[in-house]
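Structure, as C-alpha cells:
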Amino acid sequence: VQLQASGGGLVQPGGSLRLSCAASGSTFVISAMGWYRQAPGKQREWVATIPRFGPVTYADSVKGRFTISRDYAMNAVYLQMNSLKPEDTAIYYCNALDRGTSYNYWGQGTQVTVSS
C-alpha cells in the first residue's frame, strides 16, 4: 500500500485547509485510516481516525475544528481543518492500518503552517 498526501500550505490563523490522502496498491487490506502530525521538536501525535466500521475519533486538541472523511471508491481519506491555530503547524501524515497484519502504512507527509 502506498499513501500520497497533499493539500498542505500556509494559512492565516482562523483559516481553513483540506488535506487529501490517496491510497494505491493493495488497498483491499486497509481497515482504518487516519491522520497524525509532527510539530518541530515534538513527537508525532495522533489527530483523527476513521475506521471501516465504528465511530470516528479525534484528538481533544482538534475536536470540533477538524473533520475526517473517507471515500471508499477513491481509496482516499481527507482532513478538513477549520479555525486553524498556530499550534496546528506541523507536518501531517496519513496512515492506513492493515486489517490482517495490523501493519501501519504511512504517507510522506504534507506541511501545514499557520501563521500571520
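The values are calculated or read from the model by the stated rules, or taken from the named source; none is laboratory data. Keep in mind that what you see is a predicted model, and the values were worked out from it rather than measured. Methodologically, a virtual Cβ is constructed for each residue, glycine included, from the backbone with ideal geometry; neighbour enumeration extends over all protein chains shown. The accessibility values were calculated without ligands, DNA or RNA, using every heavy atom of the protein model including side chains. Shrake-Rupley method; radii C 1.70, N 1.55, O 1.52, S 1.80 Å.
Among the candidates A39, A5, A73, the residue that is among the aliphatic types (A, V, I, L, M) and touching a helix residue (DSSP H, G or I) at 6+ places or on another chain (Cβ under 9 Å) is uniquely A39.
Could you list, in sequence order, the residues of segment 25-35 that are part of a helix (DSSP H, G or I) and either at pLDDT 95 or above or open to solvent by less than 50 Å² (accessible area, probe 1.4 Å) (or both)? Correct list: T27, V29.
Residues that are in contact with a Phe, Trp or Tyr (Cβ under 7 Å, 6 or more places away or on another chain) and surrounded by 15 or more Cβ atoms within 10 Å (Cβ to Cβ) within segment 59-72 comprise A59, F66, I68, listed in sequence order. Taking the criterion of being charged (D, E, K, R), outside any strand (DSSP E or B) and either modelled with pLDDT of 95 or more or over 22 Å from S24 (Cα atoms) (or both), the residues of segment 36-72 that qualify are K42, R44, D60, K63, R65. For segment 38-56, the criterion of a residue being of a type in the set (V, I, T), loosely packed, with under 15 Cβ neighbours inside 10 Å and over 16 Å from Y105 (Cβ atoms) is satisfied by at least one position. When you scan segment 73-84, do you find a residue that is assigned to a loop (DSSP other than H, G, I, E, B) and open to solvent by 70 Å² or more (accessible area, probe 1.4 Å), even just one? Among the residues of segment 73-84, at least one is assigned to a loop (DSSP other than H, G, I, E, B) and open to solvent by 70 Å² or more (accessible area, probe 1.4 Å), which makes the answer yes. Selection of segment 1-22 for residues being assigned to a strand (DSSP E or B), open to solvent by 60 Å² or more (accessible area, probe 1.4 Å) and of a type outside the set (S, T, N, Q) yields L10, R18. Would you confirm, using the coordinates I've provided, whether S102 is free of Cβ contacts under 8 Å to residues at least 24 places away in the same chain, open to solvent by 30 Å² or more (accessible area, probe 1.4 Å) and under 11 Å from the mean Cα position of the chain (by Cα)? Considered against the rule, which asks whether it is free of Cβ contacts under 8 Å to residues at least 24 places away in the same chain, open to solvent by 30 Å² or more (accessible area, probe 1.4 Å) and under 11 Å from the mean Cα position of the chain (by Cα), S102 comes out as no.
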